[in-house]
1. Highest mean first, how do D:640-649, B:235-244 rank when packing is the count of other Cβ atoms within 10 Å averaged over residues?
2. Please check which bits of segment D:226-259 a label hung off residue D:425 would reach, taking the label as a point 7 Å along Cα-to-C-beta and the cut-off as backbone N under 18 Å.
3. How fast does segment D:553-706 diffuse by Stokes-Einstein, in µm²/s, taking the Kirkwood radius from C-alpha pairs at 20 °C and 1.002 mPa s?
4. As an exercise, use a Förster radius of 30 Å and the Cβ-Cβ distance of residue B:243 and residue B:57 to find the FRET efficiency, rounded to the nearest 0.05.
5. Given the Cα atoms of the protein assembly as shown, and with Rh set as the inverse mean 1/r over their pairs in the Kirkwood sense, what is Rg to Rh to two decimals?
6. In µm²/s, what is D for segment D:93-132 at 20 °C and 1.002 mPa s, where D = kT/(6 pi eta Rh) by Stokes-Einstein and Rh is the Kirkwood radius from Cα pairs?
7. Counting pairwise Cα distances across segment C:1-86, what percent come out greater than 18 angstrom?
8. With everything on Cα atoms, drop me the angle between helix B:151-172 and the longest principal axis of chain B, reported from 0 to 90° to the nearest 10.
């Protein structure tokens, strides 16, 4: 295998990360765990952006986008944790499948 | 512009003064009823003063009708300007006010009757705030109808006056007020719909050059609608004597006829009159009925002169029916107000007969009759109001011998009754004379048959006079008091007008003659296609 | 195989394995720690992709910010660790299936796609041009992002501080 | 204009407006003025003095036939290119107007004087004088108007004053009924008048009489329309002068105070009809005149027959008035213009006198009007009695009275008319009425003044009336003597009066006129329309050779005179035979001709006829129309409303069950679907993600391009 590490390898790593994130989101009940899954997904996406920038398929704006994604993730994490705390106070659970008041 | 006060034209002032009054009335606390009354009175007095100023500055030589330069006190600004509206294209509505010899008497009448009406409203018993606010709104609507020259604006005022009237009858009226108010409202609304349809039809048929942009556009300007050359040749109402123009004329006629009211659209009137409070009856008979005939002369006749010429015979026959039928129905009534309501129908028939004649004397007689009937009927309703306030009954047969008990009242009433009969020396004689003279020239036999109405009117009026005022006074009315100062203030000005116009009709006829001559000339020239079409 | 490749595979492995640890761990604290390694791995990958600024940011923000927040959340909501991290509404099998299908699809697509001839450009410092870009071309998103952060900050505080409402 | 003429015009205006000023004064300030009655009476005497001056000046010193003052009252301008519309009004004084001025003011002032005593203490004394002032103003207006419109205006105004005065005691139902009846019946005639005016104006565009005549002479209005116009204007006279068939109001009008009856319903207002016909005389065609003559003759006959049977003293006089008015109308109809007008003037004096004298009797008898309760008053009231006799002789046409002069002229005219046209019915009726007149008048005198008193209580209290009442009687009685009109007691032709009142020439086309004024020899040549000025023409005609009419008059004058005198004396004799000397029992006579008597006593059942037809018909029509209005027309309106409501109910049902049903069904269906698929909706975020991702994958595989 003389192939040097190139774009494809990075993308594959990103895809695996993404799938793992999806899997986490799908299987976990704990909201915090779901959040972690989402973070994985976001990181996967970021790897893509940066990789595309590096291999000349995107100019520097790919990195800029990644910066914004990070910012978004931070904000999202803050808000989500606040929600989780609130939810915990209100109904004493952090399991998302128990939050189904809107149903029925 | 010359005739302005605070940079605002006289006509705007005279139209919206009551609205200012209404705003003030609404601001007055509910408990201070006197302040409301005086505010309303002040608004109407100012209006009357303004009307007098307009009267003095009016130039009788100008012709009006279809001539934009013939109007006076003109105010014209763009009111609504929407460059692109689906279906309608460029919609431009002008705030276009102006008066000519046709509207001047009506403006005077409205100012006078509104003033008298406030005085007659002095003893309104409940929710005075609402009453006076609506009353002043009504006043604005009425005045607006008579000064608007843009059809859209006209229609807005026309509808504006409908709503307060509905509430004034429906809230402050007699026992069957809801029925009467709804009947009035629906009936008039039916007419309004027809007017609206024709208005839209006209709007799409007329093309003028927009002075601002130089592009062709539709317009609601009545004066533009009168010029056959402004019609798009392919439009619905284009041409002279075409089918749809007749249809439109009939629709418009019904719309206005309901207001007049013309047989067989008249049955809302007795109900509305009977149930309405005195002041509203006064306004209703004094001003509102005139809007119908004013609409004929201002809109129907000059815009559809061909149709007028075609249908004038039918109009005259309707006038005849109104006269005789109204008089006969009045004779059978025992309710004083209903009797006068039917007499109004009869007298408005004279207007119709006169204007259908389409000659100078007939139209002048018709317009003068509009004014005179307004004044005289207002007097008659005030008179009924006086007696109703005291005796709480309007049954003609319940009374008798009031002449001794209430001599001043009887004197004033006699003048009003004889004016209604058409006694020479009092105003209605002149207008009936001119109307009949005009009608006789055009429709000899209809005029002759209509003159039966002269006898019938004398019959029911004198019979009523006898039943109410002559004979022995029943014991129960021994306590009735004669007219008081407030009632005199409302009655005497009207009486003076009645006598003055009876002796010097020129006061009123002179300012309107140039306009009406132009109208007659216009109808005959355009209606027979003498003016070349595009 | 050069150092670059070796380093890539090493860090890729760390990243993927720790990520798997995150999603598979039954204990939430372990999961959090695994996430830490994942973030580090990704940061390393950024370095390999010559995104120096991003790598620093990744460590500062994710490790120093997000992860700390997550740990706080874990501590505040897990009463004495006793909460077992249960698997959710979906049983494992369909989840594995779906994730597998996605992964397969993505990898399949990625490997079969003929990417344009990639020019492997030499390393350049990215902090400066990134800053310039943020202040010029992306100034509006930048400002929006700052506003968003502020809103999130305030919102988070308000939501978290809300009085305990009546239970239904 | 000469200064005398303008002075006369100004004076005439003063005469016209003085009574109006009095009216206004009394109406508005009546209570504040002391002796309001004297104010109004003084005004009338001033007017009388001025009128006499005007008459003397006009008749004897001013040469122009008419003094005219015209002004533009109304100008409506003109429609471009057409004749303009304007109305000119004005006053004119010619000889008949000047004479009428004196007649009106004279009678009016005497009546005012008489009323001072007669109406004393009345509840509405001030009002009474005010209305008298209004009446005088209106009546003078008719006299002075030079145009049809003003005549019509004042015509209505006298109508209204008459209405107010008849209804003076309006507490009595009969009085207010009578006033209403008078006004409405007059209105019927006035409508005809009005239509006539409209015909004239529409054809000639003027109301001014001189222009009307000018226009007719210029043939702008001819043929049947001209005849119709004449007859229609005459309708006004029919109403006001109480001619058949509109005579029914006048007897009822006796409900008013007796002086009012004397002034309005005997001397002046009712004579206005005759005056009107005289005014429009030149425009009347032969057909119109024939109609007028017949109406007059029929009226004279009907009224005279009724008068014979009546017992109420005022009713007798009222029918007598109608009868005499019929005479005047008939005179005008038979082309005896001067005679008709002459009789109008003389009749004004003696009939006013008769009414005032009867008023005096009624006053003495404490408002007793039934002659059957009177009798023997001759000794108690000598002045009244002798005045009454003089008036009666005058009305009966006994020589040396004014009535003889005028009546004789009329009869001669009628006879000449019969001679010229072969139409003898009119003179026959005329002579018959002479007999009847004499009979009922002396029946009245005998029943009232002769014989034994029937009601002794009232008789005891009766006494001669005070001076303010007797002096007017004496004045009027003296005016019933021939010398005031002509120095020749048997032929008035050369007297100043008939010299002053010359018949105006007809302006109608020759084919439509009687043609009496054409020369004997040459019937066809002169056509009057070539000479526009009617008044000049009449003067011309008098100067030229003898006309056919004059020839006929010449022939019948003395025979006619003898005949009428004989009949009058016979009538008086008959009255004496039956009522004074009782040679024939009146009761037996009544029994013998009972059907006729009943018919006459009930006034030919005119009132009943009108009540049953016109009045009841109108009321029935009005009731049924009101029903029609309330039930049919309003029913249609309300029916439309009901239908709309029904429709709205139906559409409401439709809306509820069909439209809304569809909506509900779709909602239900959606709900059903929802229920069916709600299992998918777990409420768990993860599930959604799975589905979303599955969706993405599916889409990917569906759309992939390899």
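1. B:235-244, D:640-649
2. Under 18 Å, as judged by backbone N against the label point of residue D:425, lie D:244-246 of segment D:226-259.
3. On the way: Rh = 28.2 Å.
Translational D for this selection: 76 µm²/s.
4. The computed FRET efficiency comes out at 0.10.
5. Using Cα coordinates only, the ratio equals 1.28.
6. My calculation gives 189 µm²/s for D.
7. 49
8. It works out to around 20 degrees.
FYI, it's all coordinate maths here, none of it is from the lab. Remember, predicted model here, so these are calculated numbers, not experimental data. In this analysis, Cβ positions are derived from the backbone assuming ideal geometry, glycine residues included, and neighbour counts consider all displayed protein chains.
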